[in-house]
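Quick notes on the structure that follows.
Where a number appears in this text, it was derived from the coordinates with a stated rule and is not lab data. Given the structure is predicted, the values throughout are model-derived calculations rather than measurements. Glycine gets a Cβ as well: all are built from the backbone with ideal geometry, and neighbour counts include every protein chain shown.
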Amino acid sequence: MTFFNQQSGRVGIIFLLVIVLLSLLVGGLYMLDRMDLVDGERVIYSTAMRIPVVRDYLVPTPLTELELQENRLRELENMLARREAQLDSQRRSLEGRESELDRRFADVERLEDRIEERERALLERQRRFDEVEERFVYLASLYEGMPPAEAAARINDIDDDQIVIALLQRMERRTVSFILTNLEPERVARITRKIANSPG
C-alpha cells in the first residue's frame, strides 16, 4: 500500500505541477495578449488544434479585428468589382445608344439637307412662277389697253390655249367678254371647256 500511496502522491504532485505550469503559461499568454505583444487566443487555439482529442471539440475562434477588416475589405472589393462590371455594362450600353444617336443625328442632318435642297428648288420655282406671273400680268394689261377687236385679233394668233386662258384670267371680266365676242366661236368654245375643266 505504501507503493500505491507513493505512486498516487507522485501522480498528484505531477498533476499539480502540470496545472501550475498550465496556469502560468495561460496567465503569461493572457498578459502578453493584453499588452498586444502576442495574439494569445490564436496561440492557444492553434496549439489546441494540434491535439487530436481537443481539436474535435473546439469551436472556431472568433475572428480578430484584422480578419474582420480583411473580410470587409474582400466584401468591398467584391462589391466594387460587381459595381465596376455594372458600370462597364452601362458604359457599353450607353456607347451603343450613343452610336445609335449619332446614326440618327446623321439621318436627321441628311433629311435637313434634303429639305433645304427642296426648299431651294421650291424657292427657285416660286421665283420663276413670279416672273411668269409678272409677264402675264404685264401682257394682260397691254391687251386690256387695246380696243377689244384688235386685242381679240392678236389673241387669236396665239396658238397655245393655256397662254390665252392665263391672259384672260388676269383681265377684268368686262374686257374678257368684249374679247371673247370678237374671237372665233370654235376657239371660244374650246377655251371655255378648258377653263371649266381646269382645277381650282
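Observations, loosely collected:
- Using R0 = 22 Å, the C-beta based FRET efficiency linking residue 11 and residue 46 works out to 0.15.
- Residue 119 paired with residue 25, simple spin-label distance in nm, labels 7 Å along Cα-to-beta-carbon: 9.6 nm
- Cα centroid of the stretch 95-114 to Cα centroid of the stretch 167-200, whole Å: 54 Å
- With the charge dipole of the stretch 63-127 set up from +1 on Lys and Arg Cβ and -1 on Asp and Glu Cβ about the Cα centre, the Cα lying farthest toward the positive end among the listed residues 78, 106, 96 is that of 106.
- Packing here is the average count of other Cβ atoms within 10 Å per residue, and on that basis the peptides 102-108, 146-152, highest first, run 146-152, 102-108.
- In nm, spacing of pseudo-spin labels at residue 186 and residue 72 (7 Å Cα→C-beta vector): 11.1 nm
- Here the spin labels are modelled as points 7 Å beyond Cα on the Cα-Cβ line, and at residue 165 and residue 195 they lie 1.1 nm apart.
- Here the alpha carbons of the stretch 59-200 define both size measures, Rg and Dmax, at 40.6, 129 Å.
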